[in-house]
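The values are calculated or read from the model by the stated rules, or taken from the named source; none is laboratory data. Since we're looking at a predicted model, the values are computed, not measured. Quick reminder, even Gly has a Cβ in these numbers, built from the backbone with ideal geometry, and neighbours come from all protein chains shown. Heavy atoms of the whole protein, side chains included, go into the accessibility calculation; ligands, DNA and RNA do not. Shrake-Rupley method; radii C 1.70, N 1.55, O 1.52, S 1.80 Å.
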Amino acid sequence: MFKELLKLERFPTIWCPGCGIGQIMIQLAMVMDELGLDHTNCTVISGIGCTGRLAGYMNMDSVYTLHGRTLPVAEAVKLVNPSLKVIVVSGDGDLASIGGNHLLHAVRRNPDLTVLCNNNQVYGLTGGHAGPTTPRDTRTVSSPAGSPYDPVNLQNLMKAGAKYFYAKTTVYHQVHLRHCIKEAIAWPGFAFVDITSQCIENHGRRLGFNSAYEMLLHFRKTYKRAPDGAEILGPDEIGIVRKG
Ligand SMILES: Cc1ncc(C[n+]2csc(CCOP(=O)(O)OP(=O)(O)O)c2C)c(N)n1
Ligand code: SF4
């Protein structure tokens, strides 16, 4: 039962109503339940930020580590205990900016880790500043006239490795999200799942969305499945690209 993988006694979570992180956690727990992963054979590691709180809600020994340091901690855990399935769940700011250097070298070293990146396109916890994944011209608390920079291209970054696994999905596409998490866990190397999700309170409202539901409808309208066998995902496509 997937609920046994969660510390229900700590609910309700600290996340705002409608936040996408809870959905990622539920889908992860469902996949883990299906695959027989629990405290005996798996650990979850997260960094700082709203997403960083996720590890603390999982019913297992987990690590809530420093900002940007999820990947080296996860690699270390995997090194000393190779039989353990190690799953990292963290924010886009944590993984791609503050921990960006670690991401670069994780791609190079290809450790056997699963990474779920909660990509809400801002630094959520601290107020919704523009971050590494904020699209150009997006208004945020730190870029009221629109972000002047192009975002990091996470897909291209993953493909810099000789072997890679990159999945793009959204919190709206629940079945696809679950499929991506499952495939990533099965991948024998560094598997990165880029999950577009909603931060309604510190981002969405500023963009004019009245609710998380409206943001989810926007994801439904915007994102389409990539054709089978696609080797590259377009900016509005969800799917998996991999090379083993
Ligand atoms: C080294 C360091 N720099 C900055 C901070 C302040 N800080 C805490 S959470 C956060 C933003 C996290 O954003 P993200 O990783 O995208 O996660 P989200 O909150 O959106 O889930 C920042 C800048 C910190 N705790 N440590
Ligand atoms: S501030 Fe944003 S990312 Fe953080 S819990 Fe609230 S909705 Fe979620």
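One residue stands out among those in region 34-45 that are open to solvent by less than 20 Å² (accessible area, probe 1.4 Å) and of a type outside the set (A, V, I, L, M): the one that is nearest to ligand 1 (Cβ to nearest atom), which is Thr43. Here the condition is being of a type outside the set (Asp, Glu) and under 20 Å from Phe192 (Cα atoms); of Tyr164, Tyr149, it holds for Tyr164 alone.
Collect the residues in region 180-208 that are crowded, with 17+ Cβ neighbours inside 10 Å, of a type in the set (A, V, I, L, M, F, W, C) and away from ligand 1 (no atom under 16 Å from the Cβ), keeping them in residue-number order. Result: Cys180, Ile181, Ala184, Ile185, Trp187, Phe190, Ala191.
Would region 154-168 turn up any residue that is surrounded by 15 or more Cβ atoms within 10 Å (Cβ to Cβ), without any contact (Cβ under 8 Å) to a residue 24 or more places away in the chain and in a loop (DSSP other than H, G, I, E, B)? Among the residues of region 154-168, not one is surrounded by 15 or more Cβ atoms within 10 Å (Cβ to Cβ), without any contact (Cβ under 8 Å) to a residue 24 or more places away in the chain and in a loop (DSSP other than H, G, I, E, B), which makes the answer no. Name the single residue, out of those in region 46-89 being open to solvent by less than 10 Å² (accessible area, probe 1.4 Å) and under 18 Å from Glu4 (Cα atoms), that is nearest to ligand 1 (Cβ to nearest atom). Only one residue tops the list, namely Leu54. For region 49-66, how many residues are of a type outside the set (Ser, Thr, Tyr) and over 19 Å from Phe192 (Cβ atoms)? The number of residues fulfilling the criteria is 8.
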